[in-house]
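K.L.:
Let me give you the structure first, and then I'll get to my questions.
The values are calculated or read from the model by the stated rules, or taken from the named source; none is laboratory data. Being a predicted model, the structure only gives us computed values, none of them experimental. For neighbour counting, all protein chains shown are included, and Cβ atoms are generated from backbone atoms with ideal geometry for every residue, glycine included.
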Amino acid sequence: MNPYNLDISGDWDTDPAVLEKFSRDMSAYRIVPALVVAPKNEEDVLRTLRFAHNEGLGIVSRSGGSDLSGASIGPGIILNFKKYFNRAIRLGEDAIVEPGMILDDFLKKISAHNLMLPAVPSSSALCALGGNVGTRATGPRTAKYGTLDAFVTSLRFITAGGQVVDTAQSLPDDLSTGLRRIQQKFLDDAASRAIVDRRPFIAGGYNLKALTQYSDMGELAAHLLVGSIGTLGIVTEIRLKLIDKRPSQGTLVAHFRDYEELAAAALRLKALDPAALEYSDASCAGHVNGKILNLEDPGMVGTMIAEFDASFEQAQEGRKILETCNISRLWVISSASPEEAALWQDRRRTQPSLLKYCRQKSLLLPPIIDDIAFHLKDFGPISKELGDLMRRLGHEISVYGHLGFGSIHARPYFDPAQGGLEEQIETVSQEAFKILHKYNGTLVGEHNAGRSRSVYLEMELGPAYTYLHEIKKLFDPADLLNPGSLFDTDPICTHMDFSPMRH
Ligand SMILES: Cc1cc2nc3c(=O)[nH]c(=O)nc-3n(C[C@H](O)[C@H](O)[C@H](O)COP(=O)(O)OP(=O)(O)OC[C@H]3O[C@@H](n4cnc5c(N)ncnc54)[C@H](O)[C@@H]3O)c2cc1C
């Protein structure tokens with residue numbers, strides 16, 4: 001490979017320190033790329049694509065690099081959007097933004113216009129809009145407002161074959177005809193549709209539900225690209241429909257003493273349509289060094305946070321439900337109070353706090369089953385079975401996440417001193433998959449597919465899996481875009497890096 005043949009106005013790098021930096025995202029994986037390219041414009045992306053074709057290298061688009069499944073690393077070219085391709089082109093209700101813009105920066109800008117984008121991951125200081133599109137990002141308020149997909153109106157993207165596509169305009173004929181064919185086949189295939197319909201709200205892999213939702217092929221293409229982890233196209237411009245800011249009307253935090261009661265209360269609270277409904281278990285409470293979530297009551301089994309934004313009365317209804325439960329403590333937090341800020345600060349601190357605990361105890365916390373999605377009615381039994389599994393396998397575990405849309409982060413700890421790490425990780429992953437599968441749940445939820453879990457999609461989707469292949473073949477027949485992250489994945493431990501303090 002001779003990168004001097006790559007003539008772009010941005011820059012490229014083969015410096016070992018830079019390659020090392022881009023060999024990791026926030027997952028447990030490490031793959032050193034051949035080249036890191038920072039494009040400044042679409043022409044740079046097109047030139048990089050031609051270069052990749054000529055050199056036989058894959059391309060991984062990368063924005064914030066906070067992916068938890070190893071989907072923003074790869075052995076070929078990393079296309080780093082964060083460096084230059086990071087402007088807000090238009091602010092306002094119909095916003096236009098480039099993929100490399102850090103989400104928090106964007107949120108600050110739109111807040112000045114009294115607007116909000118509700119799908120805000122806890123990684124908002126690190127992640128960028130391109131990756132949010134790539135993973136169909138969620139946040140606590142997805143409970144009420146949906147994933148990022150609900151706010152994407154159209155995209156500009158570049159195909160693996162080098163076509164610049166604007167989904168708000170007409171699609172190239174080959175894409176449009178191919179998509180129509182796949183859509184018709186899916187609509188005629190009741191068995192596959194039934195499998196897809198049974199999946200939880202945020203189940204990952206390509207968004208096959210979009211095939212039944214959009215008759216315009218441009219819209220369909222855009223909503224298939226959202227959540228496609230950079231395997232269908234390289235997104236260069238994102239158009240979003242923003243909504244007016246909605247301050248909370250009250251937030252409740254309840255520390256429960258009984259698991260079944262917690263699960264039942266979650267269903268009753270969900271029926272009130274809260275803006276957010278979050279959960280963390282007793283283990284998290286012990287580790288999170290915060291003001292509100294770390295109530296260390298030996299009788300406490302888990303904490304639930306419910307935020308309401310429709311009316312004060314809605315929050316009062318929530319309070320009545322919680323007051324009938326056996327709880328150690330109920331916090332009633334008023335809107336825009338210092339406690340409200342401290343609470344969400346605690347919540348964002350959860351993962352860093354667990355990592356700190358790992359460093360203190362020389363444990364590892366590879367994200368393996370961190371992305372579970374299920375139907376809320378099954379939360380109780382799934383939690384119990386996962387807890388039993390971890391006790392049987394001898395792993396301490398912390399669990400937290402978003403009950404409001406059936407998504408939890410199960411984080412088992414691994415002790416490298418015990419050896420056999422790869423086998424232990426495989427076992428945890430496979431056994432957890434079996435539990436989830438039994439309840440029509442998935443390991444591929446909020447953080448989307450990637451090296452640690454795509455392998456399960458075929459088992460989970462059965463005959464419907466063929467549509468993922470057909471869509472990929474239509475957009476990227478030569479498998480140039482993010483190879484090995486969604487299809488033909490290696491066994492999950494391949495490329496994992498267990499060096500100390502890594503996770
Ligand atoms: C502490 C922590 C908390 C988190 N909390 C949440 C959460 O609450 N909700 C949530 O959804 N996720 C969460 N995540 C996961 C992650 O931050 C999100 O998935 C985020 O949306 C990824 O954005 P990014 O810019 O970092 O993406 P990247 O890591 O850069 O990329 C993610 C994927 O998108 C693709 N991609 C990136 N840019 C483009 C582009 N221009 N064109 C096409 N594809 C592209 C990449 O190829 C990759 O497959 C969390 C992660 C951490 C570390």
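K.L.:
Does VAL164 satisfy the criteria of being touching a strand residue (DSSP E or B) at 6+ places or on another chain (Cβ under 8 Å) and surrounded by fewer than 22 Cβ atoms within 10 Å (Cβ to Cβ)?
P.N.:
The answer is yes for VAL164.
K.L.:
Among what's in the range 446-477 and is in contact with a Ser or Thr (Cβ under 9 Å, 6 or more places away or on another chain) and among the basic types (Lys, Arg), pick the residue that is nearest to GLY74 (Cα to Cα).
P.N.:
Restricting to residues being in contact with a Ser or Thr (Cβ under 9 Å, 6 or more places away or on another chain) and among the basic types (Lys, Arg), the top hit is ARG451.
K.L.:
Further, regarding this structure: Would you point out which residue out of ALA52, ALA17 is surrounded by fewer than 17 Cβ atoms within 10 Å (Cβ to Cβ), modelled with pLDDT of 95 or more and in a helix (DSSP H, G or I)?
P.N.:
ALA17
K.L.:
I would also like to ask the following. Is there a residue in the range 411-425 that is hydroxyl-bearing (Ser, Thr, Tyr), in contact with a Cys (Cβ under 9 Å, 6 or more places away or on another chain) and under 30 Å from SER362 (Cβ atoms)?
P.N.:
Yes: one or more hits.
K.L.:
Take the range 178-213 and flag every residue that is within 30 Å of VAL45 (Cβ to Cβ) and either surrounded by fewer than 18 Cβ atoms within 10 Å (Cβ to Cβ) or touching an Asp or Glu at 6+ places or on another chain (Cβ under 6 Å) (or both).
P.N.:
ARG180, ARG181, ILE182, ILE202, LYS209, GLN213
K.L.:
Then there is this: Considering the range 81-97 alone, what residues qualify as being buried (at least 24 other Cβ atoms within 10 Å of the Cβ) and either under 19 Å from the mean Cα position of the chain (by Cα) or acidic (Asp, Glu) (or both)?
P.N.:
Once the filter is applied, which keeps residues that are buried (at least 24 other Cβ atoms within 10 Å of the Cβ) and either under 19 Å from the mean Cα position of the chain (by Cα) or acidic (Asp, Glu) (or both), the range 81-97 yields only PHE81.
K.L.:
Considering only the range 219-251, how many residues are within 14 Å of the ligand (Cβ to nearest atom), out of contact with any Gly (no Cβ under 6 Å at 6 or more places or on another chain) and of a type in the set (Val, Ile, Thr)?
P.N.:
5
K.L.:
Moving on to the next point. Of everything in the range 106-127, what is outside any loop (DSSP other than H, G, I, E, B) and within 12 Å of the ligand (Cβ to nearest atom)? Give them in sequence order.
P.N.:
Answer for the range 106-127, where residues must be outside any loop (DSSP other than H, G, I, E, B) and within 12 Å of the ligand (Cβ to nearest atom): just PHE106.
K.L.:
From the list VAL196, VAL152, VAL165, which one is within 19 Å of TYR467 (Cβ to Cβ), within 26 Å of the chain's Cα centre (by Cα) and of a type in the set (Val, Ile, Thr)?
P.N.:
VAL196
K.L.:
Only one of ALA38, ALA34, ALA71 is among the small types (Gly, Ala, Ser), within 13 Å of the ligand (Cβ to nearest atom) and either modelled with pLDDT under 95 or surrounded by fewer than 23 Cβ atoms within 10 Å (Cβ to Cβ) (or both). Can you tell me which?
P.N.:
After applying the criteria, what remains is ALA38.
K.L.:
Out of all the residues in the range 343-363, is one or more under 30 Å from HIS437 (Cβ atoms), touching a Phe, Trp or Tyr at 6+ places or on another chain (Cβ under 6 Å), in contact (Cβ under 8 Å) with a residue 12 or more places away in the chain and surrounded by fewer than 21 Cβ atoms within 10 Å (Cβ to Cβ)?
P.N.:
For the range 343-363, residues under 30 Å from HIS437 (Cβ atoms), touching a Phe, Trp or Tyr at 6+ places or on another chain (Cβ under 6 Å), in contact (Cβ under 8 Å) with a residue 12 or more places away in the chain and surrounded by fewer than 21 Cβ atoms within 10 Å (Cβ to Cβ): present.
K.L.:
To continue, here is another question. May I ask you to say which residue of LEU175, LEU155 is assigned to a helix (DSSP H, G or I) and buried (at least 20 other Cβ atoms within 10 Å of the Cβ)?
P.N.:
The conditions single out LEU175.
K.L.:
Right, here's the next one. Taking the range 436-463 only, how many residues are over 20 Å from the mean Cα position of the chain (by Cα) and either in a loop (DSSP other than H, G, I, E, B) or surrounded by 22 or more Cβ atoms within 10 Å (Cβ to Cβ) (or both)?
P.N.:
Total meeting the criteria: 1.
K.L.:
In addition: Go over the candidates PRO367, PRO338 one by one and state the one that is free of Cβ contacts under 8 Å to residues at least 12 places away in the same chain and more than 22 Å from PRO298 (Cβ to Cβ).
P.N.:
PRO338
K.L.:
To continue, here is another question. Pairs needed: first member in the range 453-482, within 21 Å of MET217 (Cα to Cα); second member anywhere, of a type in the set (S, T, N, Q) and outside any loop (DSSP other than H, G, I, E, B); C-beta distance under 6 Å; at least 6 residues apart or different chains.
P.N.:
Correct list of pairs: ALA464/SER192.
K.L.:
What number of residues within the range 39-76 satisfy the criterion of being hydrophobic (A, V, I, L, M, F, W, C) and within 20 Å of ALA128 (Cα to Cα)?
P.N.:
6
K.L.:
From the list ASP44, ASP67, which one is among the charged types (D, E, K, R) and more than 25 Å from PRO3 (Cα to Cα)?
P.N.:
ASP67 is the lone residue from the list that is among the charged types (D, E, K, R) and more than 25 Å from PRO3 (Cα to Cα).
K.L.:
Follow-up. Are any residues in the range 464-503 crowded, with 20+ Cβ neighbours inside 10 Å and over 23 Å from the mean Cα position of the chain (by Cα), and if so, which ones?
P.N.:
Once the filter is applied, which keeps residues that are crowded, with 20+ Cβ neighbours inside 10 Å and over 23 Å from the mean Cα position of the chain (by Cα), the range 464-503 yields nothing.
K.L.:
I would also like to ask the following. If I go through the range 295-315 residue by residue, how many of them are surrounded by fewer than 18 Cβ atoms within 10 Å (Cβ to Cβ) and of a type in the set (Val, Ile, Thr)?
P.N.:
Result for the range 295-315: 0.
K.L.:
Of the conditions (1) more than 16 Å from the ligand (Cβ to nearest atom); (2) not assigned by TED's automatic domain parsing to the domain that holds PHE405, ARG451 fails just one. Which one is it?
P.N.:
(1)
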